[in-house]
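Each remark here refers to the structure printed beneath this line.
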Amino acid sequence: MVTDGHNHTKHFSPDAGQSIEELCVSAEQLGLKRLAVTEHYDADFPDTSLNWVFDIEEYKEAFPMWQTANPSVELLMGVEFGYQTHLAGLIDELCLKAPFDVILLSNHLIRGEDIYVSRLCYEIPRRERFAEYVGTLAEMTERCSNFDVVAHYDYINRYGTDDDRRVSYDDCPAEFDRFLEALVTKEKALEINTKSIQKLAQKNASDIMPDPKILKRYMDMGGKLITLGSDAHIPDGVGIYFNETAEYLKSLGITETVYYKGHKPYPEAL
Ligand SMILES: [Zn+2]
Ligand SMILES: [Zn+2]
């Protein structure tokens with residue numbers, strides 16, 4: 001695998017600490033040949049101390065210059081739209097505002113609170129919290145159409161404090177079925193987010209890899225589109241846990257992932 005399908009830079013993502021040059025140098029050192037840059041666009045985000053939306057026109061102008069200045073890596077122009085129920089229409093409109101190669105859709109909130117900083121959300125009992133989060137992913141996948149990939153379905157377990165941290169299929173099978181069904185019906189991809197794996201590893205979780213039941217269920221339903229993304233915000237983040245994840249996916253019988261260019265999925269052997 002030579003593509004990292006989920007990365008941020010400080011030029012357009014307010015929480016990223018790396019320049020495009022730093023990102024490309026790190027990727028090159030790891031032998032990654034292709035990077036999707038997927039800057040944050042979180043309209044109406046509760047944390048107003050940072051600017052979570054950017055000027056798409058400015059991004060469109062900057063991107064060809066980045067490509068020319070960093071010829072060693074193929075740069076794919078992407079974006080990560082943050083979902084909230086009232087934003088479905090807006091997101092579908094924004095998807096058409098630029099010739100994006102790849103559009104990630106994600107959910108960073110629960111009950112309007114930022115999962116990264118909120119403590120309130122962790123007071124919701126574990127299963128209820130997971131069911132609500134995955135239920136929102138299902139709604140998001142059903143209601144939005146112009147995206148390509150659902151990013152970090154497991155974001156809800158990144159910053160939790162439960163002993164049993166990893167979100168599993170058995171925590172909320174009905175919500176997972178609804179979510180995976182929508183993905184398969186709409187031919188959208190499921191991202192394996194390796195930063196989520198890293199976060200579980202840092203907390204010494206017993207299971208750090210994605211629950212195999214989720215992946216098997218997706219494949220049993222006919223799902224074929226899996227992407228790999230590190231969600232790198234700093235140079236050390238790019239390609240994190242890629243080798244371990246590739247071995248893990250192969251052990252489940254998954255032999256290829258996809259990357260998107262011009263909204264078209266291209267297979268890549270693991
Ligand atoms: Zn995200
Ligand atoms: Zn991201």
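Throughout, read-outs are computed from the coordinates displayed, never taken from laboratory work. Given the structure is predicted, the values throughout are model-derived calculations rather than measurements. Cβ placement follows ideal geometry from the backbone for every residue including glycine, while neighbour counts extend to all protein chains displayed.
Where does the charge balance sit around V102 when Lys and Arg score +1, Asp and Glu -1, over other residues with C-beta under 10 Å from its C-beta?
Residues close to V102 contribute a combined charge of -1.
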Checklist entry - Tell me, what HN-Hα J-couplings in whole Hz come from the Karplus equation 6.51 cos²θ - 1.76 cosθ + 1.60 at θ = phi - 60° for each residue of region 216-230, using x for Gly and Pro? => result 5, 4, 4, 5, 4, 6, x, x, 10, 9, 10, 10, 10, x, 8
Checklist entry - Between their Cα atoms, which of K224/K261; K213/K264; K33/K186; K97/K261 are more than 24 Å away from each other? => result K213/K264; K33/K186
Item to check | Dipole of region 213-270 [Lys/Arg +1, Asp/Glu -1 at C-beta], most positive-end residue of L270, F242, M219 | outcome: M219
Next on the checklist: Using the Cα centre of the chain as origin and beta-carbon charges of +1 (Lys, Arg) and -1 (Asp, Glu), tell me which of L50, H152, P99 is placed farthest towards the positive end of the dipole.
Outcome noted: H152
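Rounding to the nearest 20 debye, state how big the charge dipole of region 51-186 is about its Cα centre with +1 on each Lys and Arg Cβ and -1 on each Asp and Glu Cβ.
Values: 13 positive and 26 negative charges, 27 e Å.
Taking the Cα centre of region 51-186 as origin, the dipole is about 140 debye.
Quick check for me: using +1 on Lys/Arg Cβ and -1 on Asp/Glu Cβ, what's the dipole size of region 3-269 about its Cα centre, in debye to the nearest 20? Please report the intermediate quantities before stating the final value.
Working: 27 positive and 46 negative charges, 108 e Å.
Dipole size: approximately 520 debye.
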Checklist outcome for this item: quick note, the chain, DSSP beta bridge pairs, % antiparallel (nearest 5) is 25 percent
Checklist entry - Once you charge only the Cβ atoms, +1 for Lys and Arg and -1 for Asp and Glu, what is the size of the charge dipole of region 201-270 about its Cα centre, to the nearest 20 debye? => result 300 debye
Checklist entry - Using alpha carbon centroids, what distance separates region 239-270 and region 100-177, in Å? => result 22 Å
